Amino acid sequence: MAAIIVTKDTELMQRVIEEIKTCFDPEIPVDVWEMGLIYELHLDDDNNLKIVMTLTSPNCPAAESLPAEVENKCSLIPGIKSTELVLTFEPIWEKDMMSEVAQLELGFM
């Protein structure tokens, strides 16, 4: 499942995605973007960013730190006015949501 991306500013959104790719679950050597944990990115005309993400499990040990890291890193991107992160568990994350890069890295392909 690919993330839903809504924006008119594709350059700024690309910087958002690049920043998200620096966030890793401490137990998995793949970034949260390639893991398929980012469900939606919305950047409105005023550069307010909304991120909808999930975790591999509601009991994930990084449940406290990982969403906060994504939100904090994105809020520091020049040009972003505000950042809101919404954590969801619907749909439930499944292995097939990972990119091919992640599946290769983790030995699923």
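Quick check: net charge around residue 9, other residues with Cβ under 13 Å of its Cβ, Lys/Arg +1 and Asp/Glu -1?
-1
Determine the calculated [θ] at 222 nm for the chain from helices alone, applying -39500 (n - 2.57) to every DSSP H run no shorter than 4 residues and normalising by the residue count; nearest 500 deg cm²/dmol.
-8000 deg cm²/dmol
Return a whole-number percent for the relative contact order of the chain, with Cα pairs under 8 Å and 6 or more residues apart as the contact set. Kindly include the intermediate steps, with their values, before the conclusion.
Details: 165 pairs, mean separation 32.4, N = 109.
Dividing the mean separation by the residue count of the chain yields 30 percent.
Can you tell me, using C-alpha contacts under 8 Å and at least 6 residues apart, the relative contact order of the range 1-51 as a whole percent?
On the way: 58 pairs, mean separation 21.6, N = 51.
Across the range 1-51, relative contact order equals 42 percent.
Which of the lysines could be linked to residue 73 by a straight reach, that is with a Cα gap under 24 Å, when you skip same-chain ones fewer than 8 residues away?
List returned: 8, 21, 50, 81.
Let me check I have the definition right: for the chain, take the eigenvalues of the Cα gyration tensor, multiply each by 5, take square roots. What are those semi-axes in whole Å, largest first? Let's see the in-between values first.
On the way: eigenvalues 104, 42, 32 Å².
Equivalent ellipsoid of the chain: 23, 15, 13 Å, largest first.
What net charge is computed for the residues neighbouring residue 80, neighbours being all others with C-beta under 12 Å from the C-beta of residue 80, Lys and Arg scored +1, Asp and Glu -1?
Net local charge, residue 80 excluded: -2.
Show me the ranking of peptides 61-70, 32-41, 2-11, 80-89 by mean Cβ neighbours inside 10 Å, starting with the highest.
32-41, 61-70, 80-89, 2-11
Each reported figure results from applying straightforward, stated rules to the coordinates on display, with no laboratory input. What you see is a predicted model; the values in this text were computed from it and never measured. Glycine gets a Cβ as well: all are built from the backbone with ideal geometry, and neighbour counts include every protein chain shown.
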